[in-house]
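Down below is the structure, laid out as structure tokens.
The values are calculated or read from the model by the stated rules, or taken from the named source; none is laboratory data. Worth saying up front: this structure is predicted, and the values here are computed from it rather than measured. Backbone-built Cβ (ideal geometry, glycine too); neighbour counts: all protein chains shown. Accessible surface areas use protein heavy atoms only, side chains included; no ligands, DNA or RNA. Shrake-Rupley method; radii C 1.70, N 1.55, O 1.52, S 1.80 Å.
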Amino acid sequence: STMRKRKTTDSPHSSTDLSEGKEKLRLKQEVGLISGVSLIAGTMIGSGIFMSPEWVLHHMGSPASSLLIWAACGLLAMFGALSYAELGTIIKESGGEYIYILRIFGSFPAFLFAYTSVILVRPAGLAAVCLSFAEYAVAPFYPGCSSPQVVIKCTAAACILLLTIINCLNVRLATSVMNIFTAAKLLALLVIVVGGVVLLAKGQTRSFQNAFENTTAGIGAVGVAFYQGLWSYDGWNNLNYVTEELKKPEVTLPRAVMIAIPLVTCLYLLVNVSYLAAMTPSEVLSSGAVAVTWGDRVLGSWAWLISLSVALSTFGSSNGTFFSGGRVCYIAAREGHMPDILSMAHVRCLTPSPALLFTSAMSLIMIISGSFTSIVNFFSFIAWFFYGMTISGLLYLKIKKPELPRSYKVPIIIPIIVLMAAVYLVLAPIIDQPQIEILYIVLFIFSGVILYFPLVRFKCHPRFLQKVTLHLQLFLEVAPTTRDAN
């Protein structure tokens, strides 16, 4: 059948053979500690720190409260990642939230996550980052005026196509691109940090006098400010999507988390201080691109370096988002929740190319109609709904199945805090400022029911799909894979 229901045993040998007597096909374990840190930090540092500060400040109303939101977002990302690190050492399979929800709660909620993530969330996140890359990349060609939307969208589409080629060719090539771009963006952030230190040393501290004045206290406003801040931290869970491709996952996963997230949090706080040293709060709010305005103020004729750095940063981040997003589609297909062709890997390149091509196609569709701010808000709402479900699964395992072997344990108070934060982030905007878009999102999630029962539960598949799968398999040169997990 075109959709395959795989047994959910934990045996490393529950696999599909290429043919009898031949070697099994599987993805290589090529992601080490440095690449792991790069995958987390490189995906987290994207467009957010260059675009979100003005929105966090807008919703919070004061510099000090906006800095508190940035620090709280970093702490929450750290707590979430540490909780996921324990899950990753219990369930040593790729797929992130999808595989954890599947193994703990069962097939139906896992399908709803996969359906929402593969069709909407991951492509939308990738589209948002590529759109922001395109804005900065084409800006120098249109000095003094806004760039045409057609040019921006065509550039974003070209970015997605280039990422598709890189990720389909070789895992090592994709991780090398990630490492190089992570180093470049860390250097760019250090330039902004050093510039801020120089400004503070010269006595430019106006923004920090009466720093809590005009602070907003509404729960909805704080929730939306968290959404904008957490968008900049999104990617803290990316390593869990590629657990099967990690070298020594039980060691690499917790270590990479403990290095990458504190590093990013410190940089984000210092960069925000630098922005506020160069500009007053009202100037930050009126800036269309806060990093570029900072560059104009501080670097003068070298301000083009900031536009270049943002373009490089967002390209590197979109590579990390694409790398992990394709894995969700691949793993969901391997478990029978997506068409079989998406669970296959290229026979020579050993990359999940059909899943990557599908993610690319969905992202291109999102680019046609997407806008940055709307994408961020609905992305965050869905993401935190499923983060909350995943963390509640960890709490269930800690309380009900403490005997399960795990090489790393997180104190139970940490997942409890993350779960409380997830509930707040999902409910606060609904209670304080209900929007019709949230209803559309909920309806979309549960529209998956229409597909789940006929296609997955009762396996009603049109016969022609099997022929389509065989033709695609020959055309794309792909074959079924086996997982390599405990």
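Just to be sure before I move on: is Ile104 β-branched (Val, Ile, Thr), in a helix (DSSP H, G or I) and open to solvent by less than 10 Å² (accessible area, probe 1.4 Å) in the structure I sent? No. Here Val197 clears all of (1) of a type in the set (Val, Ile, Thr); (2) closer than 30 Å to Met279 by Cα; (3) open to solvent by less than 10 Å² (accessible area, probe 1.4 Å) except the condition numbered (3).
Of all residues in segment 31-53, count the ones that are of a type outside the set (Ser, Thr, Tyr), open to solvent by 10 Å² or more (accessible area, probe 1.4 Å) and within 14 Å of Lys247 (Cα to Cα).
Residues of segment 31-53 of a type outside the set (Ser, Thr, Tyr): 31-34, 36-37, 39-42, 44-46, 48-51, 53.
Now drop any that are not open to solvent by 10 Å² or more (accessible area, probe 1.4 Å), which leaves 32-34, 37, 51.
Okay, now just the ones that are also within 14 Å of Lys247 (Cα to Cα), so 32-34, 37.
Residues in segment 31-53 being of a type outside the set (Ser, Thr, Tyr), open to solvent by 10 Å² or more (accessible area, probe 1.4 Å) and within 14 Å of Lys247 (Cα to Cα): 4 in total.
Looking only at segment 173-209, residues that are over 25 Å from the mean Cα position of the chain (by Cα), among the polar types (S, T, N, Q) and farther than 18 Å from Val56 by Cα come to 3 in all. Among the residues making up segment 38-51, those that are closer than 13 Å to Ser317 by Cα and part of a helix (DSSP H, G or I) are Ser38, Leu39, Ile40, Ala41, Gly42, Thr43, Met44, Gly48, Ile49, Phe50. Of Leu395, Leu350, Leu357, all but one fail to be open to solvent by 10 Å² or more (accessible area, probe 1.4 Å), under 18 Å from Ile165 (Cβ atoms) and either among the hydroxyl-bearing types (Ser, Thr, Tyr) or not in a loop (DSSP other than H, G, I, E, B) (or both); the exception is Leu357. Is it the case, given these coordinates, that Thr175 is in contact with a strand residue (DSSP E or B) (Cβ under 9 Å, 6 or more places away or on another chain) and crowded, with 22+ Cβ neighbours inside 10 Å? When the stated conditions are applied, Thr175 passes them.
Where helices (runs of 4 or more DSSP H) fall entirely within segment 422-486, those with at least 1 residues that are open to solvent by 50 Å² or more (accessible area, probe 1.4 Å) and at pLDDT below 75 are at 436-446.
For segment 200-211, the set of residues classified as open to solvent by less than 70 Å² (accessible area, probe 1.4 Å) and either assigned to a loop (DSSP other than H, G, I, E, B) or under 17 Å from Val264 (Cα atoms) (or both) consists of Gly203, Gln204, Thr205, Ala211, listed by residue number.
Identify, from the list Leu163, Leu173, the residue that is in contact with a helix residue (DSSP H, G or I) (Cβ under 8 Å, 6 or more places away or on another chain) and free of Cβ contacts under 8 Å to residues at least 12 places away in the same chain.
Checking each option against the conditions leaves just Leu173.
Pairs linking a residue in segment 202-223 that is under 18 Å from Cys73 (Cα atoms) to a residue that is at pLDDT below 80 and surrounded by fewer than 14 Cβ atoms within 10 Å (Cβ to Cβ), with Cβ atoms under 8 Å and 6 or more positions apart or on different chains, are Ile219/Ile431; Gly220/Ile431.
In segment 437-461, what residues are among the aromatic types (Phe, Trp, Tyr) and in contact with a His (Cβ under 9 Å, 6 or more places away or on another chain)?
Listed by number, the list holds a single entry, Tyr452.
When Cys154, Cys159 are screened for being assigned to a helix (DSSP H, G or I), at pLDDT 90 or above, open to solvent by 50 Å² or more (accessible area, probe 1.4 Å) and not aliphatic (A, V, I, L, M), only Cys154 passes.
Residues in segment 244-286 that are of a type outside the set (Asp, Glu), modelled with pLDDT under 90 and surrounded by fewer than 19 Cβ atoms within 10 Å (Cβ to Cβ): Lys247, Lys248, Val251, Thr280, Ser282, Leu285, Ser286. Candidates in segment 219-252 are the residues that are among the polar types (S, T, N, Q) and under 14 Å from Ser38 (Cα atoms); of these, the one that is farthest from the chain's Cα centre (by Cα) is Thr252.
A search for C-beta distances below 6 Å between a residue of segment 370-395 that is within 13 Å of Glu437 (Cβ to Cβ) and at pLDDT 85 or above and any residue that is of a type in the set (Ser, Thr, Tyr) and open to solvent by 10 Å² or more (accessible area, probe 1.4 Å), counting only pairs 6+ apart in sequence or on different chains, returns nothing. Taking the criterion of being open to solvent by 10 Å² or more (accessible area, probe 1.4 Å), under 15 Å from Leu199 (Cβ atoms) and part of a helix (DSSP H, G or I), the residues of segment 287-303 that qualify are Thr293, Asp296, Arg297, Val298, Gly300.
Between Asn167, Asn214, the distinction of being out of contact with any strand residue (DSSP E or B) (no Cβ under 8 Å at 6 or more places or on another chain) and either among the small types (Gly, Ala, Ser) or in a loop (DSSP other than H, G, I, E, B) (or both) belongs to Asn214 only.
Which residues, counting only those in segment 316-339, are over 13 Å from Tyr98 (Cα atoms) and surrounded by fewer than 24 Cβ atoms within 10 Å (Cβ to Cβ)? Listed by number, the list holds a single entry, Pro339.
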